[in-house]
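Working notes for the structure below.
Throughout, read-outs are computed from the coordinates displayed, never taken from laboratory work. Since this is a predicted model, take the numbers as computed values, not measurements. All Cβ positions, even for glycine, are placed from backbone atoms using ideal geometry, and neighbour counts span all protein chains on display.
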């Protein structure tokens with residue numbers, strides 16, 4: 001029974017690949033809100049499968065499956081590939097070949113991010129912008145950014161993939177773990193409320209959700225500087 005549960009955890013993680021396929025499908029159908037809901041489901045799975053894997057001793061019971069590699073494959077699809085498809089297919093990036101170039105740059109950058117041996121540090125941080133392209137796409141859609149703003153934003157974050165800032169890994173970073181998890185959970189709830197209230201979400205809800213992003217970046221920068229000074 002324990003081994004069955006361990007395999008079930010891998011299936012839970014792998015279900016994200018199906019979500020990625022659906023994201024791409026609905027992105028090309030122009031069903032932006034449906035894609036945003038799929039983003040949320042994927043983030044919930046990604047935020048909980050690690051706890052399940054450790055609880056059910058997946059690495060011990062199913063050693064032939066590399067759970068970290070499976071997680072990276074799914075995350076690349078749902079956090080990087082599908083968000084870029086959403087932006088390009090729905091007019092948030094330039095038309096034609098230039099839109100393809102802009103969409104491709106973060107995908108290539110994320111290939112390096114997801115394959116770096118030090119992308120997740122020993123003290124449980126992400127090194128470099130952790131390819132949260134789904135979050136970027138969410139705010140592009142909600143704030144109705146134009147093509148130029150979106151393109152500049154995407155290219156800037158692609159550069160940040162290679163800047164060695166240590167970003168919080170909410171479910172693993174020990175510093176302020178309880179606060180980080182509580183705020184991340186609250187942000188996911190705000191995400192749901194904002195999507196449910198589209199196309200006219202209350203501005204204060206969007207600003208409140210951005211307050212978490214500001215906290216996340218500020219704490220990541222502060223901890224990076226502290227580590228450099230140590």
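Simple spin-label estimate for residue 192 and residue 217 gives 2.7 nm between the two label positions (7 Å along the Cα-to-Cβ direction from each Cα).
Please arrange 147, 159 by how many other C-beta atoms lie within 10 Å of their C-beta, fewest to most.
On the way: 147 16, 159 13.
By the 10 Å Cβ count, ascending: 159, 147.
Using a simple spin-label model with pseudo-atoms 7 Å out from Cα toward Cβ, residue 29 and residue 206 lie 2.6 nm apart.
For n ≥ 4 DSSP H runs only, could you compute -39500 (n - 2.57) per run for the chain, divide by its residues and tell me the 222 nm figure to the nearest 500?
Numbers: 10 runs with 163 residues, N = 230.
Per the formula, -23500 deg cm²/dmol.
Largest mean-square fluctuation among 59, 166, 120, in a Gaussian network model of the chain whose springs join Cα atoms under 10 Å apart, belongs to 59. Among 124, 55, the ranking by other beta carbons within 10 Å of each residue's beta carbon, starting with the fewest, stands as 55, 124. Between 211, 42, 80, the Gaussian network model of the chain with springs among Cα atoms under 10 angstrom shows the greatest mean-square fluctuation at 211. Between residue 104 and residue 144, the simple label model (points 7 Å from Cα in the Cβ direction) yields a spacing of 3.3 nm.
Rounded to whole Å, the principal axis extents of the Cα atoms in the stretch 107-230 read 46, 34, 23, largest first. Express in whole angstrom the spacing between the alpha-carbon centres of the stretch 91-154 and the stretch 167-230. Taking the Cα centre of each part, the stretch 91-154 and the stretch 167-230 sit 18 Å apart. Here 150, 121 are placed in order of increasing Cβ neighbour count within 10 Å, fewest first, which gives 121, 150.
Which whole number in µm²/s is D for the stretch 2-229 by Stokes-Einstein, with the Kirkwood Rh taken over Cα pairs at 20 °C and 1.002 mPa s?
117 µm²/s
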